[in-house]
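For reference, the structure is listed below as structure tokens.
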């Protein structure tokens, strides 16, 4: 098998060196890529060959060639769903197609993401497809809302799907910009509920808390930020009632108080400041991996809250 | 590293790299086929820095491209809109270091995100819920080094993990214990050991932007990025 591969590799590289852009060369590259999808030089060569074929100059024939190419890619994508080269080649093919089917591609990438929901190549490709759909659409806001809904579906399927949350974070600002102040707050409140739901499901998941923290940036008024932070502290206290040594909620408690203090000195009571130091001491004992970080946080807080603690 | 840069045609190389930047978006391609990725933001700036030609590219454009690739978690993705991934975090931080623009980084959020890449086994992963891999000993640790936060992970446990991924018969380091060793993971494993302060044998100090010995980077006059870090990072 290795011998067969090496022979084929030599054959293709020789054809390429000879600048052969024929059907025969095309077929040879296909056989080689079926064996090894990671040969980016061969993908490059294959694209060069296409560009030299007579059919390329006829829109209908070019369309047919590329549709066949997309079929070929679909056959081999499952061999290595994380191959940069295959996704790039697909992107190239879509950009070359006289009549691309963006909706078809959207359906396809939804299927692939169903197989591997965290595949960033898939998500990147989805954003590429959606951007084209958005460009061609006369209602870009509707496209945004539809994509937002897609992330909601993904999150409802698995609230720990960080790729979906990430994509959502890219869509939310655009969604909000379309709305009145009142409607904005409604959407943000719903968003807080959704992320709190994820947090309740897995309090140890840092990313959910990071998204919650980012929502703070999305809030426009100091009042709204304060409310969000108080809300966060209440949620944490609930977890800690169930499990008092739960690492992530403890870390987030300290971070919440720091954020409140950043927002407005005086928001954090002396009792709460004392609590921060007690929590940091506890964290040093239950999370040996991050003692360096806790030491830095404590030093920072001692400097900041020197008086009266 | 061999001090032989004089043998390279500087103008051709600089010209080639310049030609790969999109003049409108500032984004940098990997080659003529146009794949864009923040990896190339770093690689282009690194190459140009070897020839003292960083300004022959539109640096503001590159920095803008990197900044647009920053995410809600403080991390960086492969492109604007791309999910945070440790390898992209390294390339973006290193690019910003060379461009002298580290101040755009959300140091706190990113440090916290990076610190969580350490798993119970001591190894590091590339993003949440993924497996540990020795190469992240480089991507994550070099990022933390640039941020001045290597001590935010347990370096001893990390070293233990890296060493456990060695091939006890043939030598070399694999991505994780039991797998086949390869040069890529060996390089990044050793670089990780150096950054983690491993004292088991005499390791050269490694520069976290260039993944080369500090002595080489100093000789090439490329350590200036250290002094241009934001003041608050220099504690």
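Computed from the coordinates by the stated procedures, all read-outs in this text should not be read as laboratory data. Because the structure is a prediction, the values reported are computed rather than measured. Here Cβ is always computed from backbone atoms with ideal geometry, including for glycine, and neighbour counts include all displayed protein chains.
Inter-part distance, the range B:156-206 to the range A:21-72, computed on C-alpha centroids, equals 41 Å. Against the empirical curve 2.2 N^0.38 Å, the C-alpha radius of gyration of the protein assembly as shown lands at a ratio of 1.05. For the pair residue B:204 and residue B:33, label points projected 7 Å from Cα toward Cβ lie 3.4 nm apart. Computed across chain A, the Kirkwood radius stands at 23.5 Å (inverse of mean 1/r, all Cα pairs). Using C-alpha pairs under 8 Å with a sequence gap of at least 6, the mean separation divided by the residue count of the range B:93-235 gives a relative contact order of 25 percent. Nearest 10 degrees, 0 to 90: what angle lies between the long axis of helix A:181-201 and the longest principal axis of chain A (Cα atoms)? Between helix and principal axis, roughly 90 degrees.
State log₁₀ I(q)/I(0) for the range A:155-280 at q = 0.12, 0.15, 0.18 Å⁻¹ as given by the Debye formula over alpha-carbon point scatterers of equal weight, solvent excluded. Computed log10 I(q)/I(0) values: -0.47, -0.72, -1.01. Once you keep just the Cα pairs under 8 angstrom separated by 6 or more residues, what percentage relative contact order results for the range B:1-144? Relative contact order comes out at 18 percent. The angle between the Cα long axis of helix A:247-263 and the longest principal axis of the Cα atoms of chain A comes to about 70 degrees, rounded to the nearest 10.
Exposure proxy shown here: for A:43, A:209, the number of other Cβ atoms within 10 Å sets the order, fewest to most, as A:43, A:209. Can you figure out the FRET efficiency of residue B:184 with residue A:138, using R₀ = 56 Å and their beta-carbon distance, to the nearest 0.05? So, using R0 = 56 Å, E works out to roughly 0.70. Would you work out if the range A:269-309 is rounded, prolate or oblate? Take a ≥ b ≥ c from the square roots of the eigenvalues of the alpha-carbon gyration tensor; rounded if a/c is under 1.5, else prolate when a/b is larger than b/c, oblate otherwise. Here the range A:269-309 falls in the oblate category. Exposure proxy ranking for A:251, A:286, B:104, B:162, based on other Cβ atoms within 10 angstrom of each Cβ and starting from the fewest, stands as A:286, B:104, A:251, B:162.
Viscosity 1.567 mPa s, temperature 4 °C: what is the translational diffusion coefficient of the range B:1-151 from Stokes-Einstein with a Kirkwood Rh over Cα pairs, rounded to a whole number of µm²/s? Diffusion coefficient, whole number: 81 µm²/s.
When each of B:207, B:179 is scored by the number of other beta-carbon atoms lying within 10 Å, the sequence from fewest to most is B:179, B:207.
Compared with the dominant principal axis of the Cα atoms in chain B, helix B:10-19 is inclined by about 90°.
Using R0 = 56 Å, the C-beta based FRET efficiency linking residue A:99 and residue B:228 works out to 0.65.
Normalised by 2.2 N^0.38 Å, where N is the number of residues, the alpha-carbon radius of gyration of the range A:59-142 equals 1.09.
In this simple spin-label model, placing a label point 7 Å from the Cα along the Cα-to-Cβ direction at both residue A:7 and residue A:220 gives a separation of 7.0 nm. According to the calculation over all Cα-Cα pairs in the range A:230-309, the P(r) per 5 Å bin from zero is 3, 15, 28, 26, 18, 9, 1 %.
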